[in-house]
Each structure stands twice: as structure tokens, then as C-alpha cells.
Amino acid sequence: MRLTNRFVRIFQWIAPVLLPAFVVLGRGLLGAPLGWMAAIGIFVAPLMTIAMYASAIVFVFDRDAAAAKTGRLAYDVSNYVLWAALVVMGLTIQDGGDIGEYGSVLSTWGVISDDATLIVFPVAMAIAGLAWLATLITAIMCVVESRTGRRAISVR
């Protein structure tokens, strides 16, 4: 479990920049058309980045985890769910330009249909929102636990 905790402690600082960039522009590298959603995403991505850094900054104040150089299981799991949901969002977001061509990465590759991506994307977006909220709540819980001395959710 130590390797998992170390990965989360490092990737929590990289993911807020890397994953929103993938959702907005990276899918173009995988063959999906970029259009108005990419233009809108350029303004939304900085807000996503700031929101994702909030939990990482709060988690820094977890003294016990910082001293032991470990993480907390609930915090790790919520981060993994958030990151996976953002990757699914990047693969299923439909976009198109003024030329009328639209599609997602998975529909362009022929893995799933356009109609299926219209179902998968909102579900992934809802999961990402809930996972972000869970990440923030678990980070706050870890700090409170660290300050009060309780050992209710720690995993070493």
C-alpha cells in the first residue's frame, strides 16, 4: 500500500493540470475533432485546476500522513475515482466545429456509438463531481483527525 500512497501524494500535484488539459485538448491528439467545447474548456479548465488543487492543499496539513509519508485510504480511493472519471470524460466528450463534424475519441475509433457517448459522458461528469466532493471531504477529515489525534480512518 505504501507505493499507492506515494503515487497519490505525487500525482495529486500533477493531475490538476494534466487531466483538465486532456479533457479540453488532449483528446484532439487521439483523433477526436476539436470545436466549441475545446474553446469553452479553455475557460473552464483553470477553474477545474483550482478546484482540484483545493483538496491537495488541504491534505498537506494532515500531519500524521505527512510524518509517516503515507496517505489515507479514503483520500486515495476518492482521488483514483476522480482521475478515472476525468479520463472517461476526455474519451467520451462530444465536440465539433463549424464544419458539422462531431464525435468523441471512442466514437471516432468505433468503440462505441455517438449515442452511447451521450449517455456515458454525463454519468462520468456526475461521478467526477461527486468524487471531487469526496476528495475534499476526506482531505478535511484527515486534517481534523490529524489535529485531534483520532485514528478512525488511517491506513498505513
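The values are calculated or read from the model by the stated rules, or taken from the named source; none is laboratory data. If you're wondering where the values come from, they're calculated on a predicted model, not measured in any experiment. All Cβ positions, glycine included, derive from the backbone under ideal geometry; neighbour counts span all protein chains shown.
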Can you name the residue in region 123-156 that is among the basic types (K, R) and not in a helix (DSSP H, G or I) and is also modelled with the highest pLDDT among such residues?
-> R150
Taking region 99-122 and keeping only residues that are touching a strand residue (DSSP E or B) at 6+ places or on another chain (Cβ under 9 Å) and either of a type outside the set (F, W, Y) or part of a loop (DSSP other than H, G, I, E, B) (or both), one is left with G103, S104, D114, T117
If we scan region 10-33, do we find a residue that is modelled with pLDDT under 90 and either touching a Pro at 6+ places or on another chain (Cβ under 6 Å) or of a type in the set (K, R) (or both)?
-> yes
Given the structure, is W36 modelled with pLDDT of 90 or more, surrounded by fewer than 15 Cβ atoms within 10 Å (Cβ to Cβ), on the phi < 0 side of the Ramachandran plot and not β-branched (V, I, T)?
-> no
Region 115-132, residues that are of a type outside the set (F, W, Y), closer than 17 Å to L19 by Cα and surrounded by 19 or more Cβ atoms within 10 Å (Cβ to Cβ) | A124, A128, A131
